[in-house]
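Notes for the one structure printed next.
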There are 2 protein chains.
Amino acid sequence: MMERQIDSDIRELKELILTMGGCVEKAIEEATQALILREPKRFALVFEQEAKINELHIRVDDTCVRIIAKQGPLAADLRWVIASIKINTDLERMGDQAVNIAHNGARYLTEPPLKPLIDLPRMAQQVREMVRGCLDAFVRKDLALAEQVISKDDVVDGYKNEIFDELRNYMIKDPLSVERALNLILIARNLERLGDHSTNIAEDVIYALTGRDIRHGHVSLDQIHAELHSHTQGKKVTP
Amino acid sequence: MMERQIDSDIRELKELILTMGGCVEKAIEEATQALILREPKRFALVFEQEAKINELHIRVDDTCVRIIAKQGPLAADLRWVIASIKINTDLERMGDQAVNIAHNGARYLTEPPLKPLIDLPRMAQQVREMVRGCLDAFVRKDLALAEQVISKDDVVDGYKNEIFDELRNYMIKDPLSVERALNLILIARNLERLGDHSTNIAEDVIYALTGRDIRHGHVSLDQIHAELHSHTQGKKVTP
């Protein structure tokens, strides 16, 4: 059976996005490891990845526009292309956040360490799992995994709040810690935003898979499950 | 002459986005004025606007998908629809930033004021001009205005850096100021991000108008001007 042109176009689009996602993962890894291991030279690798991400950002957009104009995709195909446009935007901004971590981290590393890095390495680990999870959900069309990513966002926010509280206390107790604590607070913010972007991507994957928009409580995941379930039983579902 | 269906669809789309933009402007106005005038009750109005923004966010996305599926837009029409998808995302996140300002502002107002609000009101004013500017550029298809918005982003970043420096000094000198200074730093960050989103929207308007992607220095504004100029002289331009 001949492959449809639209299928090979969408496969190409997916490969571009996965390459871009790989660069984003690498950028976050270098930024956080440079900070944790106190190896400022590694920050340079973040900027290398960002340049690649920006190049891919433009290629993905061009590819999406070309597919819509040339193939006139419908239904599920169109949803994947629209989701790709949005995922592309999030990935590009995730590259920016990795760069922000590199900037804030480079400033932090000019001074001796604040006692421990608190929960920051653990928060970074959670965020990296969210990033990996939303990309895997995208490539495998895995609804359950996309949902897992979304549920992790609260864990990341919890870490951020704890880190904020602890660093605020440092600053109150010791004026000499203000500069460093502030840099770490900004890094916790950057990580939180990376988690938010991963959540956005997971939501776009769910939209592409189901045609349902779960943002703003418009449809709940429970509703989607109920519908998918009744679909498999051959019942008709009103959207 | 009959209006084309695509023209009336795109007009409807524009009106939705403008309504949404109006809600975003109102949310930012209420959030910043509540802070500046110390009227915490006004923060509730921010949440009201956010609910409307979230509702419109879904409607705009639905409208874009419907136009692409039903009308198969090409060239400039397709660029406006793609730009609308992206602008929609930015506007929704601007609503989130207004809500963040409300949260941080509400915490700030539980204590007596830190001497002056420093340059924060001026920064807020600049950001509100950027927001208004990018929406006006969108509705009027005004390339020059979109460029003005982008050029203001440096001014906003400059304010943010000054505010950061000043607040950092407060925190070092007076431990009692840490909590409040930190809230103001986060608000300056929220305002900075509102400026970033306005820049993104202005870039999307330029893309829709010219078909050129000015992000990441892919094409410079000077190049676009040179091309538009040679177009008006009837010369052929290779894209």
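The values are calculated or read from the model by the stated rules, or taken from the named source; none is laboratory data. Just so it is clear, the structure is predicted and the values come from calculations on it, not from any experiment. Glycine gets a Cβ as well: all are built from the backbone with ideal geometry, and neighbour counts include every protein chain shown.
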* Quick one: would you say B:Ala98 is in contact (Cβ under 8 Å) with a residue 60 or more places away in the chain, more than 20 Å from B:Glu55 (Cβ to Cβ) and part of a helix (DSSP H, G or I)? -> no
* Just need a number here: residues in the stretch B:146-188 that are among the hydroxyl-bearing types (Ser, Thr, Tyr) and within 13 Å of chain A (Cβ to nearest Cβ). => 2
* Asked: Of B:Ile58, B:Ile6, which residue is part of a helix (DSSP H, G or I), of a type in the set (A, V, I, L, M, F, W, C), out of contact with any strand residue (DSSP E or B) (no Cβ under 8 Å at 6 or more places or on another chain) and in contact (Cβ under 8 Å) with a residue 12 or more places away in the chain?
  -> B:Ile6
* With the checklist (1) surrounded by fewer than 21 Cβ atoms within 10 Å (Cβ to Cβ); (2) in a helix (DSSP H, G or I); (3) more than 9 Å from chain B (Cβ to nearest Cβ); (4) more than 19 Å from the chain's Cα centre (by Cα) in hand, flag the one item A:Glu48 doesn't pass. => (4)
* To do: Can you give me the number of residues within the stretch A:194-219 that are part of a helix (DSSP H, G or I) and more than 30 Å from A:His103 (Cα to Cα)?
  => 9
* Asked: Among the residues of the stretch A:157-200, which ones are touching a Phe, Trp or Tyr at 6+ places or on another chain (Cβ under 7 Å) and in contact (Cβ under 8 Å) with a residue 40 or more places away in the chain?
  -> A:Ser177, A:Arg180, A:Ala181, A:Asn183, A:Leu184, A:Ala188
* Structure fact -> Scanning the stretch A:20-59 residue by residue, those closer than 23 Å to B:Val219 by Cβ and not acidic (Asp, Glu) turn out to be A:Met20, A:Cys23, A:Phe47, A:Gln49, A:Ala51, A:Lys52, A:Ile53, A:Asn54, A:Leu56, A:His57, A:Ile58, A:Arg59
* Asked: Is there a residue in the stretch A:23-39 that is within 14 Å of chain B (Cβ to nearest Cβ), under 16 Å from A:Val139 (Cβ atoms) and assigned to a helix (DSSP H, G or I)?
  -> yes
* Asked: Can you tell me which of B:Leu143, B:Leu209, B:Leu135 is among the hydrophobic types (A, V, I, L, M, F, W, C) and either within 30 Å of A:Val178 (Cβ to Cβ) or surrounded by fewer than 20 Cβ atoms within 10 Å (Cβ to Cβ) (or both)?
  -> B:Leu143
* Within the stretch A:62-81, is even one residue among the polar types (S, T, N, Q) and within 28 Å of B:Ala69 (Cα to Cα)? -> yes
* From A:Val60, A:Val99, residue being of a type in the set (Val, Ile, Thr), at negative phi, at pLDDT 95 or above and within 16 Å of the chain's Cα centre (by Cα) -> A:Val99
* Asked: Can you find even one residue in the stretch A:166-175 that is modelled with pLDDT under 90 and of a type in the set (A, V, I, L, M, F, W, C)?
  -> no
* **Residue identified as farther than 30 Å from A:Val81 by Cα and in a helix (DSSP H, G or I) among A:Leu191, A:Leu182, A:Leu145** => A:Leu182
